[in-house]
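In what follows, a single structure is set out as structure tokens and then discussed.
The values are calculated or read from the model by the stated rules, or taken from the named source; none is laboratory data. Keep in mind that this is a model prediction, so the values were computed, not measured. Quick reminder, even Gly has a Cβ in these numbers, built from the backbone with ideal geometry, and neighbours come from all protein chains shown.
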Amino acid sequence: MGVTVKLDHAKCVGHGRCYELAPEVFGEDERGHCTILVECVPPEHEKAALIAAANCPEDAIKLARS
Amino acid sequence: MEQKENPCPHTGVLNIIDPEYTAHPQPAYARVLANHRVAKSIAMHSPILSRYEDVVFALRHPEIFSSEMDMQVLLGTKRPMIPQQIDPPRQTRYRKILDLRFSRPRMQALEPELRRHAQQLIDGFVERGECEFDQEFAVPLPCAAFLTLMGLPQEELDLFLELKNGIIRPPVDPMDMIAATEFRMKTGERIYAYFEKAIADRRARPQDDMVTYLTTVDFDGRPLSDEEILDICYLLLLGGLDTVTATLGCSMAYLASNPEQRRKLVAKPELIPNAVEELLRWETPVSLVPRVLKQNVTIGDVELREGALVNILLGAANVDPAEFPDAMNVDFERENNRHISFGAGAHRCLGSHLARMELRAALEEWHKRIPEYQIKPGAVPNVSPGIREQLYLPLVWSA
């Protein structure tokens, strides 16, 4: 049981909310677009990952419990 | 033009230049959201979109809501500004080379110098017990950082401000559109001429700055032309010298008028980054952006026709209760905040990482030194429409 993150690269335009709010889960490429650092989120970073997804103005991040 | 209620409850006409509206637009946004899926601007009765859902749809569909419009009358430009007035996919190619220069790590590198500058500015007036916030803090702080980034001489700041203001707020009678257009076109000529010289200079003597970068960057296997570089610089000048100034002023006017909210930040400075986001949502300093329709589109039961100018009211979308629970409450601990003060879709503000760094650093440095302050009693705020700059914001405190 854990949370996995999926990014829709086509939607990301580089607002950067995710890597500011959950830097253990999300990183940035050289343009400032989102990269996924860990696909399976460790429990201690779950809340941050949820907040990051909820703050993405492009709705580009989806979380799923597996 | 006289209109008692704003927006008019019958026609849905929103008076976007009414001083009461420009100072405190949120109640009017709420009335538009509640009553008019498509409102109308007092200027030519052009349609206004305000719901969060409609606004992000428009911003994410440039094939319908295009940015390619002739703005010479409003901007003094001879050609579209790059990349703001160009649609994807061409716009995306320019963004690829520009995003690299406006990434978060590059902006963070400017932070120590910006903080030092903020401290110096505060040193200059703290013992006086008052300042005019716009001219003494909100204008000089972000403008100096911008000039550093661009590699433009600091001692020419007044010239750049004159050029920028000559486009955004030409010093003529606001109702005299002909005089305004003439002033803008003359100012536009001066902007092109300045940067033509700067480009030639950097080609001859390269430096570590933006203009040099633009003269040397590989753009899909070729260099940028002088015209392309000019059209980028024109945009950077207008965007870089105005928006953070406006946001600082709106944020401080709010904090000065709401002491219980301000004291939360003073007691818990770690709230400042989140408070910056909430103030961006609430104030939405760039309150409205234009688009032009490339095809007919139906919003609700209103059909909008190809060729129509559409006003995208970012400020209203940011207080839409369908997106933001308790939308009319300013909550510095709001956890879910998908505000679109930097826009959305392909044209997301190029300078958003710079703006966030500057706003956080400025509010932190200010409140360390001047935690208690208020707007000078009796002062009448003067907030410009469109980009909501607090043109006159006198603050007082106990020295």
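What the table shows:
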item: Residues of region B:343-388 satisfying the condition of being over 28 Å from residue B:267 (Cα atoms) and in contact with a Gly (Cβ under 9 Å, 6 or more places away or on another chain); result: B:348, B:349, B:350, B:351, B:383, B:388
item: Residue within region B:148-158 that is more than 14 Å from chain A (Cβ to nearest Cβ), outside any helix (DSSP H, G or I) and without any contact (Cβ under 8 Å) to a residue 60 or more places away in the chain present; result: yes
item: Region B:267-314, subset more than 25 Å from the chain's Cα centre (by Cα) and among the hydrophobic types (A, V, I, L, M, F, W, C), residue surrounded by the most Cβ atoms within 10 Å (Cβ to Cβ); result: B:304
item: Those residues of region B:255-310 which are closer than 30 Å to residue B:39 by Cβ, away from every other protein chain (no Cβ under 14 Å) and acidic (Asp, Glu), in sequence order; result: B:283, B:301, B:303, B:306
item: Residue in region B:358-377 that is modelled with pLDDT of 95 or more, closer than 24 Å to residue B:261 by Cα and within 11 Å of chain A (Cβ to nearest Cβ) present; result: yes
item: Residue under evaluation residue B:224, criteria (1) buried (at least 24 other Cβ atoms within 10 Å of the Cβ); (2) farther than 21 Å from residue B:358 by Cα; (3) in contact with a Leu (Cβ under 8 Å, 6 or more places away or on another chain), criterion not met; result: (1)
item: Residue match in region B:300-313 (condition: part of a helix (DSSP H, G or I) and closer than 17 Å to residue B:56 by Cα); result: no
item: Tally, over region B:314-330, of residues that are away from chain A (no Cβ under 14 Å) and in a loop (DSSP other than H, G, I, E, B); result: 8
item: Total residues in region B:338-355, condition assigned to a helix (DSSP H, G or I) and either more than 8 Å from chain A (Cβ to nearest Cβ) or surrounded by 24 or more Cβ atoms within 10 Å (Cβ to Cβ) (or both); result: 4
item: Matching residues, region A:47-66, being out of contact with any helix residue (DSSP H, G or I) (no Cβ under 6 Å at 6 or more places or on another chain), over 14 Å from residue B:335 (Cβ atoms) and surrounded by 16 or more Cβ atoms within 10 Å (Cβ to Cβ); result: A:57, A:58, A:60
item: Condition broken by residue B:115, with the remaining ones in (1) in contact with a strand residue (DSSP E or B) (Cβ under 9 Å, 6 or more places away or on another chain); (2) away from chain A (no Cβ under 14 Å); (3) touching a residue at least 24 places away in the same chain (Cβ under 8 Å); (4) in a helix (DSSP H, G or I) satisfied; result: (1)
item: Given (1) assigned to a helix (DSSP H, G or I); (2) surrounded by fewer than 19 Cβ atoms within 10 Å (Cβ to Cβ), number of the condition residue B:174 does not satisfy; result: (1)
item: Filter result for residue A:37 (in contact (Cβ under 8 Å) with a residue 24 or more places away in the chain and touching a helix residue (DSSP H, G or I) at 6+ places or on another chain (Cβ under 9 Å)); result: no
item: Filtered residue count, region B:371-399, keeping only those that are closer than 21 Å to residue B:278 by Cβ and not acidic (Asp, Glu); result: 11
item: Check on residue A:5, assigned to a loop (DSSP other than H, G, I, E, B) and buried (at least 22 other Cβ atoms within 10 Å of the Cβ); result: no
item: Residue list for region A:15-48, restricted to those being part of a helix (DSSP H, G or I) and away from every other protein chain (no Cβ under 13 Å); result: A:43, A:44, A:45, A:46
item: Sole exception among (1) within 14 Å of chain A (Cβ to nearest Cβ); (2) in a loop (DSSP other than H, G, I, E, B) for residue B:93, by number; result: (2)
item: Condition check for residue B:196: under 20 Å from residue B:240 (Cβ atoms) and surrounded by fewer than 16 Cβ atoms within 10 Å (Cβ to Cβ); result: yes
